[in-house]
Amino acid sequence: MKELPQVRPRPMTWNPDEETLAFLRLVALQNAVEYAGQAVAGSVVGRIMGMRADLRPHGRVLAPAIATAVAEANAFVAEEGLEAAQEELASLAPELLESRPKAERRVGLPDLEGAKEGEVVLRFAPNPNGPLSFGHARGLVINGAYAERYKGILILRFDDTDTVVKPPMPEAYDTIQQETEWLLGRPADRVVIASDRIELYHAHATTMIERGFGYVCTCSAEAFREFRVAQQDCPCRDGTTEVHVTRWEGMLNGAYRPGDAVVRVKTGMNQRNPALRDWPALRLQDTVANPHPRPEVGSKHQVWPLLDFQSAIEDHLQGVTHIIRGKDLMDSTRKQTLLYEHFGWTYPKTMYWGRVKVHEWGGFSTSAMRKDIESGRYEGWNDPRLPTLSALGRRGIQPEALRTFWLELAITQKDISVPLTSLFSHNTKAVDSTAPRLAFVRDPIRLPLKDGPASATLVRYPDEPEKDPRQHDLASGHVLVESEDAEKSAFRLKDLVDVDLEDGVLHAGSRERQDNRPIVHWTVDAALPTTLVVAEDHELHDVKGRLEPHDHPIGTVFQLERVGYAILLDDGRLLMTHE
């Protein structure tokens, strides 16, 4: 790379000149070209500082300009295309285009730090306020894959200690265990239910208070918020151990009402991150008005742990060695690490991933789906418009497709937006070789076939042409084709014969294809009236047609000729899996 001009910074009043700003734009464009319009400001900053030592003292001044340059470069690629961006960079700074070959993309999951075969313990910890969704599958698949790689243990833990905001759904406990086995091909090695272990969390809270790194706070939420913002200790914090033990016993014995008292972890009100300042560990819940849905728990407890405390204690008790979680939970890691330091424990190794958004689904949450199901907007958790595992399975999405989808994305802290077709491509690979081929003719037209064959033998499994061929009697002298195809003057009936359409009659020609006329799928008079249900744009659409006769069982995924993949439902309808 040719030497770029050096600009001497002016003390105190330094601002980037036009030459420097142009340089920033070029490096941002270089990064956008290398990563197909996904340039990242942090990467561009590092590259700029490595190339221009004179700019290193001015990182804060340059940061906004770099961010703007990155946004403009990504927008250029999105609007003009990658090839145009490459041409632009080649014309302005060919040395930047040639200087950095694109780094090889890592394939698969990275190694777990410090992992030893046979000693790895991982956990997947859903809230059982509904069955598992597409997003849950990520945690289950990746933790399950690591457990298998290291011959470790995978724990399925139900974090069910919130009976108010996200009340558990009793049937979800069994459903989630079944979905775990469906997705992974095996059950979890251990199942833990947090609501069965409240006494253990109480015992650790007692230890925390007796050892002086926890206290019972009776300040109102509003008052404590002011202390936290001002970085001042609340008056409760300085109380003696005896005072806090007495208050704690009062919480357990019903001396306080919900909102009157909360157990806090002493982390210091001088923490830079406000979320870490003496964070709450246990609270009171009105379990008389809102009993736990599990009858064996019900109103048994009034003091319940908050998730950060419960999860931290349970990870220690279960010997969890590695935690893999979303980057939005980094504050949870920081909170729990401070708690572990108090107890003298070693915190598990932690990895993070960014968010994955599927274009077609937009935003779905379990709580929102539950409300919509209860209101009648959706027919149930397996409604094909929903991104639940039960809905995906009902549509014919295979568990191996979900596994390969998530393993291909692997672990990255970048937020990713992907189309649903990406999952569908994995599903095609999973089902294509075993999906029987059938004809489903939409909006059928019955046409006479003159001089055509009396019977047809069609391939059912293209990978095994001799396996169970489809046999059809054409003695009626008629076939069914789609109304749109009936507008063509010449076409080929797939795997049968070339035809010319004249005056509403198909005239059979060569049995071997002779030209490039379009290929049309068809079926016989015996085809059954069938409805194909298509989930699209959050709506269900019924497509009427005729389905080729068959004797395949319910749940079979077919490839419908020229239509796509669909699964046979128990009521005889077809549900579109994907095109």
So how many residues does the range 510-540 have that are surrounded by 12 or more Cβ atoms within 10 Å (Cβ to Cβ) and over 21 Å from residue 496 (Cα atoms)?
-> 8
Among (1) surrounded by 13 or more Cβ atoms within 10 Å (Cβ to Cβ); (2) outside any loop (DSSP other than H, G, I, E, B), which single condition is residue 225 missing?
-> (1)
Complete set of residues in the range 536-548 that are touching a residue at least 60 places away in the same chain (Cβ under 8 Å) and touching a strand residue (DSSP E or B) at 6+ places or on another chain (Cβ under 7 Å) | 540, 543, 544, 545, 546, 547, 548
Give just the number: which of (1) modelled with pLDDT under 95; (2) surrounded by fewer than 22 Cβ atoms within 10 Å (Cβ to Cβ); (3) under 30 Å from residue 286 (Cβ atoms) does residue 163 not satisfy?
-> (2)
Do you know which residues across the range 288-311 are within 14 Å of residue 158 (Cα to Cα) and among the small types (Gly, Ala, Ser)?
-> 311
Within the range 349-368, residues out of contact with any Gly (no Cβ under 7 Å at 6 or more places or on another chain), buried (at least 17 other Cβ atoms within 10 Å of the Cβ) and under 12 Å from residue 138 (Cα atoms) come out as 356
With respect to residue 412, determine if the residue is closer than 25 Å to residue 43 by Cβ and assigned to a strand (DSSP E or B).
-> no
Residue 333 fails exactly one of the following numbered conditions: (1) in contact with a Lys or Arg (Cβ under 9 Å, 6 or more places away or on another chain); (2) assigned to a loop (DSSP other than H, G, I, E, B); (3) hydroxyl-bearing (Ser, Thr, Tyr). What is the number of that condition?
-> (2)
Would you mind finding the one in 361, 345 that is assigned to a loop (DSSP other than H, G, I, E, B), in contact (Cβ under 8 Å) with a residue 12 or more places away in the chain and more than 30 Å from residue 566 (Cα to Cα)?
-> 345
Under the condition of being without any contact (Cβ under 8 Å) to a residue 40 or more places away in the chain and assigned to a helix (DSSP H, G or I), which residue from the range 208-221 is surrounded by the most Cβ atoms within 10 Å (Cβ to Cβ)?
-> 210
Condition test on residue 258, is it outside any helix (DSSP H, G or I) and either crowded, with 18+ Cβ neighbours inside 10 Å or out of contact with any Lys or Arg (no Cβ under 9 Å at 6 or more places or on another chain) (or both)?
-> no
Number of the condition not met by residue 163 [criteria: (1) touching a residue at least 40 places away in the same chain (Cβ under 8 Å); (2) part of a helix (DSSP H, G or I)] | (2)
Residues in the range 224-246: is at least one of a type in the set (Asp, Glu), more than 21 Å from residue 300 (Cα to Cα) and at pLDDT below 95?
-> yes
Failed condition for residue 515, given (1) more than 17 Å from residue 454 (Cα to Cα); (2) touching a Ser or Thr at 6+ places or on another chain (Cβ under 7 Å); (3) part of a loop (DSSP other than H, G, I, E, B) | (2)
So, of the residues in the range 348-358 that are in contact with a helix residue (DSSP H, G or I) (Cβ under 8 Å, 6 or more places away or on another chain) and in a strand (DSSP E or B), which turns out to be farthest from residue 538 (Cα to Cα)?
-> 350
Among the listed residues 405, 491, 424, which satisfies the condition of being of a type in the set (Phe, Trp, Tyr), under 44 Å from the mean Cα position of the chain (by Cα) and more than 26 Å from residue 184 (Cβ to Cβ)?
-> 491
Within the range 534-559, which residues are of a type in the set (A, V, I, L, M) and more than 23 Å from residue 360 (Cα to Cα)?
-> 547, 554
Can you find even one residue in the range 371-384 that is aliphatic (A, V, I, L, M) and in contact (Cβ under 8 Å) with a residue 40 or more places away in the chain?
-> no
Got at least one residue in the range 140-151 being at pLDDT 95 or above, in a loop (DSSP other than H, G, I, E, B) and within 29 Å of residue 304 (Cα to Cα)?
-> no
Can you pull out the residues in the range 270-296 that are surrounded by fewer than 19 Cβ atoms within 10 Å (Cβ to Cβ) and assigned to a loop (DSSP other than H, G, I, E, B)?
-> 270, 271, 272, 273, 286, 288, 289, 290, 291, 294, 295, 296
Any idea how many residues of the range 228-255 are within 38 Å of the chain's Cα centre (by Cα) and not in a loop (DSSP other than H, G, I, E, B)?
-> 2
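The values are calculated or read from the model by the stated rules, or taken from the named source; none is laboratory data. Small disclaimer: the values here were computed from a predicted structure and weren't measured. Cβ sites come from the backbone with ideal geometry, for glycine too, and all protein chains shown count toward neighbours.
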